[in-house]
Ligand code: ADP
Ligand code: ZN
């Protein structure tokens, strides 16, 4: 099946043309790249023409550090953020007044898709500062008319106290932190009736997570957990979000266009096929990006969501192409390990991957906590079941160590689950 660019609305085309013009006129790096690709602003007439434009990569942003790709005057900048630097040197991103307004709109729209309404109380447990999570949710929440509690990361006991005393109805944090929060909440509430909070929704993102982890959080907190996606390079959180149907993330199409490409050949892939997400910004002034290769792996879900919204939905992100481990020749994503562990009753969603390398061959060992304290025999049984589940999922025999609850590190922000050690 031949891949087709979607039928973008006339409005989107207008915005795309404006963006391409802006970059051509103001950013020499983009102009040179376009010239090398033999394409200019006048060539962008129909949605298919997007494919003529060259990709932008993380390396382009790194090479331009800090302000080499600015498409506005330095004096027009109201704020800068930085990517968390999960995969190397950080990159700086910048915003004009209009960019910040657009971001607020995007985030408010996302929160509203998640069911947050004016009058709700949103507790933001993402990091405030250079990371875009905290301030992104913060201003979006205020813009929507919610009461925002900027509690930031960590201090779990205090988070719970605030949640209870101020009656938070929505929380935003990483999925791994939501697991931890629900565990602490459960231990504090032991023997007491009721959930001990007024939450109606948890909005989780900034790292890949699976359906298994979702089930754990939903069971722990007793509310729906919705997936939100974004990246600082194109804006921050608010690029796409799940609605309560939990059937893919709705893309904010007023501000972004999405394509899925084969990460190796760069060819456009048809809807439904998994590949690398490529995003083009439509409204940004300071740092517009054309065909930005996110390295995030997902697919476009064909058809319309049961919630009635049309427009593009992307599936939950499997991980970044850089997250892929090659274990004895087999490609393994940490999310596949998470999904497999989730199939074994009695195992928690607190786990870690240890990758060891010996003579260029990598091996994988998994540690995972049990949900409750168990005797040695029961732990061994869980280990055998986990080995079986992983073998089924990956086609690999992976060593598994089941640990008592509380043995592994907890994370306030993005979880760091993979540790690499190199042997002789
Ligand atoms: P960094 O790239 O340094 O981690 P960011 O903080 O901008 O910087 O993180 C954006 C990245 O986080 C995305 O490209 C993606 O890999 C990951 N991410 C964000 N939200 C999600 C999500 N809901 N599901 C999976 N991955 C996500
Ligand atoms: Zn929907």
Acute angle (nearest 10 degrees) that the helix 132-144 long axis makes with the longest principal axis of the chain, alpha-carbon atoms: 80
For the range 123-247, what are Rg and Dmax over the alpha carbons, in angstrom? 13.8, 46
Measure nothing fancy, just the Cα-based angle from helix 10-26's long axis to the longest principal axis of the chain, in degrees from 0 to 90, nearest 10. 70
Starting with the highest mean, order 205-213, 181-189, 340-348 by the number of other Cβ atoms within 10 Å, averaged over the residues of each peptide. 205-213, 340-348, 181-189
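Using the beta-carbon distance between residue 147 and residue 331 and R0 = 51 Å, what value does 1/(1 + (r/R0)^6) give for FRET efficiency, to the nearest 0.05?
Numbers: r = 45 Å, r/R0 = 0.89.
The formula returns an efficiency of 0.65 here.
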Taking a ≥ b ≥ c as the square roots of the Cα gyration tensor eigenvalues, with a/c under 1.5 meaning rounded and otherwise prolate when a/b beats b/c, else oblate, which class fits the range 112-160? oblate
For the chain, averaging the sequence separation of alpha carbon pairs under 8 Å that lie six or more residues apart and dividing by its residue count, the contact order in percent is 14
Based on DSSP, what percent of beta bridges with both residues in the chain are antiparallel, to the nearest 5? 60
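May I ask for the percentage of alpha-carbon pairs in the range 1-129 that lie more than 19 Å from each other?
Working: 5312 of 8256 pairs.
The calculated P(r) of the range 1-129 puts 64 percent of pairs beyond 19 Å.
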For the range 324-422, what is the Kirkwood estimate of the hydrodynamic radius, computed as the reciprocal of the mean inverse distance between distinct Cα atoms, to one decimal in Å? 13.7
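Once the cut-off is 41 Å, how many percent of the Cα-Cα pairs in the chain end up in the long-distance tail? Mind dumping the intermediate values first?
Numbers: 15468 of 89676 pairs.
Cα-Cα pairs of the chain separated by over 41 Å account for 17 percent.
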Taking a ≥ b ≥ c as the square roots of the eigenvalues of the Cα gyration tensor, with a/c under 1.5 meaning rounded and otherwise prolate when a/b exceeds b/c and oblate if not, the range 73-181 is oblate
Simple spin-label estimate for residue 265 and residue 36 in nanometres, 7 Å along Cα-Cβ: 2.3
Provide the gained length on full extension for the span residue 166 to residue 396, in nm with one decimal, where the gain is 0.36 nm per separating residue minus the Cα-Cα distance. 78.0 nm
If a/c stays under 1.5 just call it rounded; otherwise compare a/b with b/c (prolate if a/b is bigger, oblate if not). Do that for the range 167-224, with a ≥ b ≥ c from the square roots of the Cα gyration tensor eigenvalues. prolate
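Note the full-extension length gain between residue 188 and residue 78 as 0.36 nm times their separation in residues minus their Cα-Cα distance, in nm to one decimal.
Details: separation 110, 0.36 × 110 = 39.60 nm, distance 4.27 nm.
Stretched out fully, the residue 188 to residue 78 stretch lengthens by 35.3 nm.
Step by step: find N for the range 379-422, compute 2.2 N^0.38 Å, then divide the Cα radius of gyration by it. What's the final number?
Values: Rg = 12.8 Å, N = 44, 2.2 N^0.38 = 9.3 Å.
Against the compact-globule rule of thumb, the ratio is 1.38.
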Mind checking the angle between helix 97-113 and the chain's longest principal axis? C-alpha axes, 0 to 90 degrees, to the nearest 10. 40
Pulled fully out, how much extra length does the chain show between residue 87 and residue 380, if you take 0.36 nm times their separation in residues and subtract their Cα-Cα distance? 101.9 nm
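Any read-out appearing in this document is the output of simple, stated calculations on the displayed coordinates, not a laboratory observation. This is a predicted model, so every value here is computed, not measured. Please note: Cβ atoms are built from the backbone with ideal geometry, for glycine as well, and neighbour counts cover all protein chains shown.
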